[in-house]
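Below is one structure, written out as structure tokens; the observations come after it.
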Amino acid sequence: MAPVQRINAWLRAVPAWTLYVAGAIPPAWLFFLAASGRLGADPVKGLERQMGEWALMLMVAVLAVTPLRRFVGLNLLKFRRAIGLLAFFYVLGHFLIWVLLDMGLLWSQILADIVKRPYVTIGMAGFLMLLPLAITSNNRSIRRMGAQRWQRLHKLTYPAALAGAVHYIWLVKSWPLEPFLYLALILMLLALRLRVATRAMA
Amino acid sequence: MTYRFRTDLRWSDVTPKGVFLNRRQLMAGAAAFGLARPALAKIAAQPSAYSTDEVPNRFEDITSYNNYYEFGTGKEDPAANAGSLTVKPWTVKIDGMVDRPGDYGLEDILAHVTLEERIYRFRCVEAWSMVVPWIGFQLSDLLARAGVRASAEYVAFETLMRPEEMPGQNYPILEWPYREGLRLDEAMHPLTILATGLYGEVLPNQSGAPIRLVVPWKYGFKSIKAIVRITLTDSQPPTSWNMQNPGEYGFYSNVNPEVDHPRWSQASERPLGAGLFAGRVPTRKFNGYDEVAGLYAGQDLAVDF
């Protein structure tokens, strides 16, 4: 058996719900560190940045599922919903940290930032795009909507991921490497789909 | 077992605030009566009327959360990487429109000034703030010693350029060396100091050792670190962040809640050190140092941002 098939066989034995349990551990640990004063001088920024970065990693992971299956033969399809939902919950956490801890519920300033600050606007847009995806990430929604419509809706993952990466680039001072890495990864994963789509048309 | 002496203890654990304040009184008392320096403190400094009575942030917060891109762009990078910087011997070249230009050794500079403790609010352009107990002297004292000529209008500052000890300088994050500048009246203002110490100790490398500028009514990036050159000039000098992004960082960069950074609001700030749920406080114009307002009379600070 090829190594990839062996991994596939092994993964078949792992239930998808374990991902939700595993996914809950890092934020819980992070919050514990922040609350106990172990996250440096600015625990609020620490929480916010880390949750945002993890959310981007999960977005990259969810976009990698299809290319990995197509080009490597690794089958992670059964985990895709869990990865996507975790990405949503991490973005939600990131948003709540911003509203509650960073902005301290100063609604006038929060709303002004959403409207006036392009990096906040685009981050908000990405978050709102994920909302219908999270709500319809269940079997009943797929049945009710029909596979085609459901799939079309879930293509929102692509602009949402791009919005997340641009949001990150737009908020940093100078030009650090990480935000560009995320954008490059996401663009690469989207380009892989484009190639397949054009080949299918030919 | 290698790490058995590593503990979770902090400076504040071994130095409760009461003792801390006591120590400060002791130092002040010793200075007042001309007594020997207390053994605890390495630097004796006079208290100053310019100090705020707000409680300073913890030593380890001040020294572990720094923007000092010469040592990396992460906030913890300077604390991790600045230890290798050689700060002895150190000379500051003072040139341009002065009567006595030359290379001034740091010991020589310090021999001619009275050190004071200046507890200042520190407001970062990223909308967080701290309170920092600096030790330093007024920049005007050093400028007077060098003899500023009547033709001088601006003061330009330069940070050390030493890529082998400052790894960040190997990357084009900013145009190195770091440069800053002040108008002469800003430089001569009694609030403007050159700091050589922090919390009664010699300035840690990540905080700008051995000598740095502190201008408390301007965003933190104006307070240039590890200064090796001070030039008096008659034209507005180029400054690093303004060179990198002139639309976002002006020459003046006074703390001003009415003038937003193009990408984020400056209306409020998060004071660090007060815990997860401390929230925000409104930002004050000139960071609350209203006595400098007169320097900008007749200027539109939305234009001269």
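Near B:Tyr104, the amide H atoms lying under 5 Å from its own belong to B:Val92, B:Lys93, B:Ile94; only residues 5 or more places off or on other chains count, and H is placed 1.01 Å from N. Treating each Cα of region A:39-153 as an identical point scatterer and ignoring solvent, apply the Debye formula and state log10 I(q)/I(0) at q = 0.11, 0.15, 0.17 Å⁻¹. Once normalised to I(0) and log-transformed, intensities are -0.46, -0.78, -0.93. In chain A, Cα pairs under 8 Å separated by at least six residues give a relative contact order of 21 percent. Counting Cβ atoms of other protein chains within 10 Å of each residue's Cβ and taking the mean over peptide B:270-280 gives 5. Qualifying GluC sites (Glu not before Pro) in region B:95-204, where qualification requires a DSSP coil assignment and no more than 12 other C-beta atoms within 10 Å, comprise B:Glu164, B:Glu175. Compared with the dominant Cα axis of chain A, that is its longest principal axis, helix A:80-96 is turned about 10°. Computed from Cα atoms, the angle from the helix A:177-201 axis to the main principal axis of chain A rounds to 30 degrees.
The phi torsions of region B:287-294, fed into the Karplus equation with coefficients 6.51, -1.76 and 1.60 and a -60° offset, translate into couplings of 6, x, 8, 4, 5, 8, 3, x Hz, rounded to whole numbers, with Gly and Pro shown as x.
Amide H contacts of B:Ile135 (H built 1.01 Å from N, in plane; Pro and chain starts excluded): B:Arg118, B:Thr196, B:Gly197, B:Leu198, B:Tyr199 sit under 5 Å, all sequence-distant by 5 or more or on other chains. Rolling a 1.4 Å probe over the protein heavy atoms gives chain B an accessible area of 45 Å² per residue.
Mean-square fluctuations from a GNM of chain B, with a 10 angstrom spring cutoff on Cα atoms, peak among B:Val255, B:Val155, B:Val113 at B:Val113.
Of the residues A:Val91, A:Gln5, A:Trp17, the one whose Cα sits farthest toward the positive end of the charge dipole of region A:3-201, with +1 on the Cβ of Lys and Arg and -1 on the Cβ of Asp and Glu, is A:Gln5.
The equivalent ellipsoid that matches the C-alpha gyration tensor of the protein assembly as shown spans semi-axes of 50, 25, 22 angstrom, in descending order. Axis angle, to the nearest 10 degrees, between helix A:17-35 and the longest C-alpha principal axis of chain A: 20 degrees. Within region B:170-216, none of the trypsin sites (Lys or Arg not before Pro) combine a DSSP coil assignment with at most 12 other C-beta atoms in a 10 angstrom radius.
Evaluated with a Cβ-only charge set (Lys, Arg +1; Asp, Glu -1), the protein assembly as shown carries a dipole of roughly 3380 debye about its Cα centre, given to the nearest 20. When the charge dipole of region A:111-202 is built from unit charges on Cβ atoms (+1 for Lys and Arg, -1 for Asp and Glu) and taken about the Cα centre, the candidate among A:Leu187, A:Asn139, A:Met124 whose Cα reaches farthest toward its positive end is A:Asn139. Pairing chain B with chain A buries about 2200 Å² of accessible area. This figure sums both sides and uses a 1.4 Å probe.
The values are calculated or read from the model by the stated rules, or taken from the named source; none is laboratory data. Computed from a prediction, not measured in an experiment: that's the story for all the values here. Positions of Cβ are generated from backbone atoms using ideal geometry, with glycine treated the same way; all protein chains shown enter the neighbour counts. Calculation scope for accessible area: heavy atoms of the full protein, side chains included, ligands and nucleic acids excluded. Shrake-Rupley method; radii C 1.70, N 1.55, O 1.52, S 1.80 Å.
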